[in-house]
Each structure stands twice: as structure tokens, then as C-alpha cells.
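Notes for the one structure printed next.
What follows is calculated from the coordinates using simple rules that are stated; it is not laboratory data. All values derive from a computational prediction rather than experimental measurement. Ideal geometry is used to build each Cβ from the backbone, glycine not excepted, and the neighbour counts take in all protein chains shown.
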Amino acid sequence: MPQLIIADFSPQLVWLVISFVALFFVMSKVALPRIGEVLEARQERVTSDLEKAESLRGEADDAIKAYETALAEARASAHNTAQAARDEMNTKAEAKRGEVEAKLAGQLAEADARIAAAREEAVGHIRTVASDTAKTVASRLIGVDLDDAAIEAAVAGSMTEGN
Amino acid sequence: MSAEKHSPLAQFEIKRFVDIDIAGVDASFTNSSLWMIITIVAITLMLTLSMRGRAMVPGRWQSVAELSYEFIANMLRENVGSEGRKFFPFVFSLFMFILFSNMLGLIPYSFTSTSHIIVTFGMAIVVFLGVTLIGIIRHKGKFLSLFVPSGVPAVLLLLLVPIELISYLTRPVSLALRLFANMMAGHTLLKVFGGFVVALGMFGVFPLVAIVALYGLELIVAFLQAYVFTVLTCLYLNDAIHLHH
């Protein structure tokens with residue numbers, strides 16, 4: 001069996017030591033630190049990315065909250081504005097109506113007064129016309145000039161009667 | 001000579017390429033030395049070239065390098081704990097050296113340096129002595145409590161302590177023998193079946209199929225033995241550092 005040739009032991013051991021020591025140095029000084037570095041960098045990158053994602057999500061949440069409050073505020077202020085406008089319109093309309101009503105009432109009163117005056121006047125005229133007519137009629141028919149006062153009294157009496 | 005060539009064991013012969021003698025020590029450059037150098041060069045190239053890009057998102061080769069790094073790092077963490085980090089370069093080198101020796105040895109006409117008992121024993125004894133030294137340095141005299149099972153009557157200790165001692169001392173032997181025997185047996189078997197292929201002529205196709213299957217098995221064994229050697233190293237390291245039993 002070639003494995004048991006004692007003379008071959010020493011060269012194998014010598015080269016085992018040489019190659020293993022060389023491998024150990026290359027591994028511990030070059031290869032392993034390099035791999036470790038890359039793995040660590042990746043780990044850091046992943047962690048920082050996760051953190052960033054977390055903070056971004058927080059920001060997004062805040063933005064949504066801010067948007068919602070703004071929306072609620074806008075809604076409330078719109079409601080207030082609409083209410084105020086409505087109130088203002090109402091008071092304005094009320095005032096206008098009062099004004100118009102007052103004006104109309106004034107005009108109505110004026111017209112009433114005018115009508116009353118016209119009637120008074122007309123009634124006055126009727127009285128004169130009636131007394132004149134009565135006087136004329138009397139003088140023509142019976143040839144008597146009647147006393148003005150008597151005629152007027154008679155006219156007034158018949159007008160109140162007629163009324 | 002020709003009979004020797006056809007022997008299934010001929011593949012394990014050490015061939016001296018350059019005779020070197022350092023202070024009376026035979027340090028000849030042999031086929032074994034050549035494949036050890038090829039092994040460490042292959043490991044170095046694979047781990048450095050693949051990491052050249054240092055990409056955030058690894059490619060195939062970088063994934064292989066990172067995977068082997070994390071495989072050993074996890075093994076060490078699970079078996080030894082955080083104190084094992086110091087020994088990571090050594091354990092990693094050990095695993096890669098055995099794995100690549102085993103794998104490269106499966107290339108036809110190559111040489112498997114781990115199929116020699118002296119090589120596996122060399123590694124096992126370094127692990128054994130190193131672990132023992134670490135235990136003694138860390139725990140001084142208390143290290144001997146490793147051989148005294150707790151909660152056992154004093155009478156039984158007379159029997160148990162020698163058993164524990166022997167089992168501790170046989171660690172390097174079992175470690176070395178396991179790897180060596182697996183490598184040698186697998187390669188011998190492949191060679192024997194290879195001989196059948198030639199001898200049976202047309203019917204050689206049957207042993208050929210068997211060789212293909214065996215080769216697949218040998219690939220698993222090559223990985224498994226590297227893994228077992230490394231895991232046992234971790235366990236021994238754990239014993240020396242934590243002393244629990």
C-alpha cells in the first residue's frame with residue numbers, strides 16, 4: 001500500500017505545511033476580509049433601506065393625516081362661508097323687503113289720501129252743482145229766486161239722506 | 001512494473017518530481033505537492049476572482065464564495081458560539097483545503113492528497129494539539145475536568161476517567177482515519193470498476209454505469225467528509241472553550 005511507505009511521509013508533511021500555511025494566510029488576509037466586507041456592506045444597505053422605507057412610510061402617514069385635517073378644515077370653512085353668505089343674503093333680503101313694504105305702504109297711504117281728497121272735492125263739486133242746478137231749475141220752473149242758504153241746506157239734507 | 005500499473009492502488013503512489021533536501025529533511029516536490037499547490041491556487045482564485053466585482057447583488061461565482069463563507073461561519077457559530085470567530089480563518093481554510101483536495105482528486109488522472117493517511121493525520125494532529133492547547137491556556141488545571149463526568153459516583157470514576165481519556169486521545173486517529181479511509185476506498189472502488197470495464201469488453205457497459213453512479217456517490221462523500229472533519233473540529237473546539245460535557 002503506497003500510503004504506508006514511511007519514506008514518503010516527510011515530503012508530504014512538508015508540502016502540507018507549506019500549502020496549508022500559504023492558504024491560511026491568503027484566506028485570513030485577503031479572501032475572507034473581502035467577502036466579509038461585501039456581506040457586511042450588503043447587510044448595512046439592507047438595514048438602511050429598511051429604515052428609509054420605514055421613515056418614508058411615516059412621512060406618507062403624516063402627509064395623509066395633514067391632508068385629512070386640511071380637507072376637514074376646508075370643509076368646515078366652506079360650510080361657514082356658505083352659512084355666512086346665506087345669513088347675509090337673508091338679512092339683506094329682509095331689509096329690502098321692509099324697505100319696499102314701507103315704500104309701498106307710504107304710496108298706498110298717499111293714494112288713499114289722494115282718493116279721499118278727490119272724493120271730498122268731488123262731493124264738494126256735486127254739492128255746488130246740485131245747488132246751482134236746483135237754483136236754476138227753481139228759477140226756470142217757478143220763477144222764484146231761492147235763497148242760497150236754503151238751497152244748500154236742502155241739498156245737504158238730501159245728500160245725507162241719499163247716502 | 002506493468003502489474004503494478006494495473007493495480008487499483010497504483011493511483012496512490014507518490015512520484016518525486018524534484019528531489020529537495022532541506023537540512024536532512026526530505027522535502028521533495030511530488031505529485032502530492034503538486035496537487036496541494038493546485039488545490040490552494042484553485043481556492044484562492046475562486047474566492048478572489050469571484051469577489052472582484054464586490055457586487056451588491058452577487059453573481060453566480062460570488063454567490064458560491066459568499067455561500068461557503070456563510071456556511072462555515074454559521075457552522076462555527078452554532079457549534080462554538082461567538083468565541084469561535086477567532087478561529088474562523090483556520091476552520092474555513094481547513095474545510096476548503098479538504099473539500100478541494102477531495103473534489104480535485106475526482107478528476108481522472110489527478111491525485112488525491114487527502115487519500116494519504118499521513119496528510120489527514122497531519123491535519124488531525126494539528127487540530128488535536130491546537131484544541132488541547134487552547135483548552136489548557138483558557139482553563140489551566142480545570143481543563144482536566146473534561147475527563148471527569150459530573151454526577152457520577154467516585155467508584156465509577158476510576159473506570160470512566162481512563163475511558164474518557166482514551167476517547168479523547170483517539171480523536172485525532174479517528175478524525176484522520178475517517179477521511180483517509182473514505183477517500184482511499186472510493187478511489188480504489190472506482191479504479192476496480194474501471195478495470196472491469198476494460199476486462200469485460202462489450203459487457204463493460206454495465207460496470208461503466210456503476211462507475212457513473214459511484215462517481216456521483218463519491219462527489220457526495222467528498223463534500224460530506226470535508227464537512228464531517230470540519231464539524232468535528234468545531235465540536236472539539238467547543239469542548240476546549242466551554243468544557244461542558
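Overview of results
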quantity	calculated
Residue within the stretch A:17-35 that is in contact with a strand residue (DSSP E or B) (Cβ under 8 Å, 6 or more places away or on another chain), assigned to a helix (DSSP H, G or I), of a type in the set (A, V, I, L, M, F, W, C) and closer than 25 Å to B:D21 by Cβ present	no
Residue that is nearest to B:L243 (Cα to Cα), among those in the stretch B:120-152 that are free of Cβ contacts under 8 Å to residues at least 12 places away in the same chain and not in a helix (DSSP H, G or I)	B:G151
Selection status of B:L165, within 14 Å of the chain's Cα centre (by Cα) and surrounded by 13 or more Cβ atoms within 10 Å (Cβ to Cβ)	no
Which numbered condition A:Q43 misses (of (1) more than 7 Å from chain B (Cβ to nearest Cβ); (2) over 60 Å from the mean Cα position of the chain (by Cα))	(2)
Hey, B:S82 within 14 Å of chain A (Cβ to nearest Cβ), within 24 Å of A:P33 (Cα to Cα) and among the polar types (S, T, N, Q) or not	no
Filtered residues of the stretch A:110-132 (kept if closer than 14 Å to A:A156 by Cα and among the β-branched types (V, I, T))	A:V123, A:I126, A:T128, A:V129
Qualifying residue in the stretch A:2-20 (condition: within 14 Å of chain B (Cβ to nearest Cβ), under 60 Å from the mean Cα position of the chain (by Cα) and exposed (fewer than 14 other Cβ atoms within 10 Å of the Cβ))	no
Some residue of the stretch B:79-94 being closer than 30 Å to B:K191 by Cα and not polar (S, T, N, Q)	yes
Count of residues meeting criterion [surrounded by fewer than 22 Cβ atoms within 10 Å (Cβ to Cβ) and more than 13 Å from chain A (Cβ to nearest Cβ)] in the stretch B:90-122	7
All positions within the stretch B:18-36 that are surrounded by fewer than 16 Cβ atoms within 10 Å (Cβ to Cβ) and touching a helix residue (DSSP H, G or I) at 6+ places or on another chain (Cβ under 7 Å)	B:V25
Pair list, Cβ < 8 Å and 6+ apart or interchain, from the stretch B:20-41 residues that are more than 7 Å from every other protein chain (Cβ to nearest Cβ) and within 20 Å of A:L23 (Cβ to Cβ) to residues that are β-branched (V, I, T) and buried (at least 17 other Cβ atoms within 10 Å of the Cβ)	B:N31/B:I14; B:W35/B:T112
Residue within the stretch B:181-194 that is among the aromatic types (F, W, Y) and surrounded by fewer than 17 Cβ atoms within 10 Å (Cβ to Cβ) present	no
A:V38, sole failed condition from (1) under 23 Å from B:A73 (Cα atoms); (2) out of contact with any Lys or Arg (no Cβ under 8 Å at 6 or more places or on another chain); (3) facing chain B (nearest Cβ under 7 Å)	(2)
Of all residues making up the stretch B:123-135, the number that are over 24 Å from B:E13 (Cα atoms) and more than 11 Å from chain A (Cβ to nearest Cβ)	9
Identity of the residue in the stretch B:48-73, in a helix (DSSP H, G or I) and in contact with a Phe, Trp or Tyr (Cβ under 9 Å, 6 or more places away or on another chain), that ends up nearest to the other protein chains (Cβ to nearest Cβ)	B:Y69
B:R85 vs. criteria assigned to a loop (DSSP other than H, G, I, E, B), more than 26 Å from B:G195 (Cα to Cα) and among the basic types (K, R)	no
Contacts under 7 angstrom Cβ, first residue in the stretch B:180-197 being assigned to a helix (DSSP H, G or I), partner of a type in the set (D, E) and buried (at least 16 other Cβ atoms within 10 Å of the Cβ), 6 or more apart	B:G186/B:E218; B:L190/B:E218
